[in-house]
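In what follows, a structure is listed as structure tokens, so that the remarks can point back to it.
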Amino acid sequence: MGTPDQPAAEAIELTAVMHALSDSARLAVVRELACGGERPCGSFDLGVSKATASHHFRVLREAGITATRVDGKRRLLSLRRDDLEARFPGLLGAVLHAAADQPPAATAAPDAPVAA
């Protein structure tokens, strides 16, 4: 396994970051990484299939939000907080602050029907 592709800090694009953060599962990954640091991909309980989780991890990596490090057979995810802060000052903090104000159910499923 080689090192997965991820953009250089200066190549991180705002539209890609905002798109990646618009999904509740990906936002949950970012919230967990912000609280706990580097983690194995398999340690996230997103309530989705392994293939869907891999898709979410790829979107986050390609947007420049996370870094993936290969350690033997494991892939470890970490938040690229310093790169994001240098590129878009205050953005990650604002997103995490706003997400913290939402109840857990609000980040569970983006297309879930809303009870009347």
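Computed from the coordinates by the stated procedures, all read-outs in this text should not be read as laboratory data. Remember, it's a predicted structure, so these values are computed and weren't measured experimentally.
Quick look at the numbers
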item	result
Computed Rg/Rh of the chain, alpha carbon atoms with Kirkwood Rh	0.96
Sum of -39500 (n - 2.57) over DSSP H runs of 4+, divided by residues of the chain (222 nm, nearest 500)	-13500 deg cm²/dmol
